[in-house]
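Derivation of every value follows stated rules applied to the coordinates shown; laboratory data play no part. Remember, predicted model here, so these are calculated numbers, not experimental data. Every residue, glycine among them, receives a Cβ derived from its backbone with ideal geometry; neighbour counts consider all protein chains shown.
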Amino acid sequence: MNFRFTISPIDTESARRELQTLSAGGYVSFEGWVRDLNEGQEVTRLEYEAFQELAVKEGDRIIGEAMRRFPVKHALCIHRVGSLGLSDMAVWVGVSSVHRGEAFDACRFIIDEVKHRVPIWKKEHYRSGDSGWVNCERCAAAPLHSRAAHSPVEDSLVEQSHAEHPHDRIALANPK
Amino acid sequence: MSKLRVYGLILAGGLSTRMHRDKAALKYQGKTQLDRAFELASRHLTNVFVSVRADQTLDPMRAQRPMIVDSVAGDGPIVGIRSALIAHPQVAWLVLACDLPFLSDAVIENLLRERDSVGFATRFAAAYKSAHDGLPEPLCAIWEPAAAKPLADYQAGGGHCPRKFLIRHGARLLEPQDARALDNVNTPEEYSQALAALDNAIPMQLKIQYYALMREQAGRSEETLETAASTPAGLYEELVARYGFTLSRDQLKVAVNSEFSDWSRKLEEGDAVVFIPPVAGG
């Protein structure tokens with residue numbers, strides 16, 4: 001299974017090793033972190049839960065789509081569930097490929113699709129003492145499933161694709 | 001003196017406290033109670049109105065129908081009945097509660113026919129006798145204009161129950177054709193039973209799992225439920241009545257047996273159903 005859940009911190013080192021293959025010349029990964037601010041509210045922690053039986057099927061389908069779309073060697077996505085504190089890693093995506101371009105593309109594709117399709121939910125706890133299910137309460141007016149592209153959820157995580165960001169962790173190993 | 005015309009009045013202003021949601025919006029066979037009652041009355045009468053509280057006039061479901069807004073103080077159906085009698089004092093009113101899912105054309109026809117046959121002998125109202133206690137059912141009845149004044153006096157004297165009013169003043173009582181015709185639906189359990197009876201379906205056991213916001217609103221993460229809902233759409237309707245879920249169906253996806261499913265899929269005994277609120281992974 002190329003899409004997995006874990007209740008303990010994501011072991012990126014061993015996940016990365018799973019992607020290694022002699023023909024791979026590049027490796028791209030994405031980490032989603034718990035950020036301290038979302039839509040003006042100070043976040044103190046998050047709770048993730050998933051409908052795991054369906055989530056792993058849908059996650060595997062997404063990775064399968066990515067592999068068909070982009071000629072990559074291996075792809076893996078690990079999502080954490082349970083209670084997470086600030087800066088904890090909620091999700092990890094790793095892709096290895098012959099050249100870097102398709103690895104970046106596939107990595108981006110996988111995280112975007114996972115956010116929109118996999119039955120995972122998060123509850124934000126705020127400094128005010130309040131809490132709320134992201135996309136279900138404050139955003140209840142707009143049907144999420146019909147919404148395109150980026151959800152506000154993305155803002156609660158560190159965006160790895162911005163190179164200037166101090167937390168940038170896109171890793172490109174052995175570039176060619 | 002010629003016979004007075006009859007207008008229809010659908011009572012849909014109740015607070016639905018036991019149902020935990022607007023009863024008028026409950027659906028049977030894909031149609032809201034309000035629409036079902038309104039259409040039923042409209043098949044027999046030309047002028048039909050929805051009785052609403054002043055704060056309901058902007059509700060889109062009600063506002064698409066002609067409305068009679070409460071114009072007298074007080075609580076309960078007596079306010080709607082009095083407001084109608086005041087708004088059109090020259091007509092009699094076929095008053096129907098919207099929460100009587102078993103009402104049929106035959107019931108309405110019979111009520112109108114009986115009123116005609118006795119003419120003005122029906123001084124205040126013609127009402128069906130409840131199959132349960134034999135008392136008049138004031139919310140499936142024809143109220144005559146002559147009732148306006150005594151009804152006002154009754155309310156001024158502290159009365160608020162139209163049934164007691166009819167008992168005290170004497171209504172022409174009719175036997176309902178079928179014992180269940182006047183059963184009303186006040187609780188989520190009664191709603192489930194009514195859905196089952198109307199669909200004439202055999203109840204089946206389903207396993208339902210709840211996640212995230214819906215788990216919190218249902219107060220449980222899973223349950224085995226006996227239901228007559230034949231599709232996920234019908235099941236969700238039933239569960240909204242039971243738990244007051246705040247998410248509308250178009251915000252959800254549904255899975256049956258751990259795979260995404262269509263809302264109109266035919267459910268089978270033992271199916272595992274999961275409603276999927278807007279996701280927020282990553």
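Annotation: amide H-H contacts under 5 Å for B:Asn184 (H modelled 1.01 Å from N, sequence separation of 5 or more, or interchain): none.
Label-to-label distance, B:Ala106 versus B:Ser42, with points set 7 angstrom from Cα along the beta-carbon direction: 2.5 nm. Histogrammed with a bin width of 10 Å, the alpha carbon distances of the stretch B:1-156 distribute as 11, 42, 37, 9, 0 percent, first bin at zero.
Please work out the FRET efficiency for the pair B:Glu268 and A:Asp60, using the Cβ-Cβ distance as r and a Förster radius of 22 Å; give the result to the nearest 0.05. E between B:Glu268 and A:Asp60, to the nearest 0.05, is 0.25. Given in Å, the Rg to one decimal and the Dmax to the nearest whole number for the Cα atoms of chain B are 21.1, 76. Fraction of C-alpha pairs exceeding 24 angstrom in the stretch B:154-282: 43 percent, rounded to a whole number. Backbone geometry of the stretch A:79-87 corresponds, through the Karplus equation with coefficients 6.51, -1.76 and 1.60 at θ = phi - 60°, to 3J(HN,Hα) couplings of 10, 8, 10, x, 8, 10, x, 4, 6 Hz, x marking Gly and Pro. For A:Gly25, the amide hydrogen comes within under 5 Å of the amide hydrogens of A:Ser97, A:Val98, A:His99, counting only partners 5 or more places away or on other chains and with H modelled in the peptide plane.
Among B:Lys129/B:Lys164; B:Lys207/B:Lys266; A:Lys57/B:Lys207; A:Lys115/B:Lys266, which pairs are too far apart, with a Cα-Cα distance over 18 Å? Pairs exceeding the cut-off: A:Lys57/B:Lys207; A:Lys115/B:Lys266. Translational diffusion of the stretch A:1-89, estimated by Stokes-Einstein from the Kirkwood radius over alpha carbon pairs at 4 °C in a medium of 1.567 mPa s, is 88 µm² per second. Histogrammed with a bin width of 5 Å, the alpha carbon distances of the stretch B:77-233 distribute as 2, 8, 15, 17, 15, 11, 8, 8, 7, 6, 3, 1, 0 percent, first bin at zero.
All C-alpha to C-alpha distances of the protein assembly as shown, sorted into 20 Å bins beginning at zero, yield P(r) values of 22, 38, 25, 13, 2, 0 percent in whole numbers. For the stretch B:212-237, the residues whose amide N sits under 15 Å from a probe point set 7 Å from the Cα of B:His20 along the beta carbon direction are B:213-223, B:236-237.
Along its principal axes, the stretch B:195-242 has C-alpha extents of 33, 17, 14 angstrom, given from the largest down.
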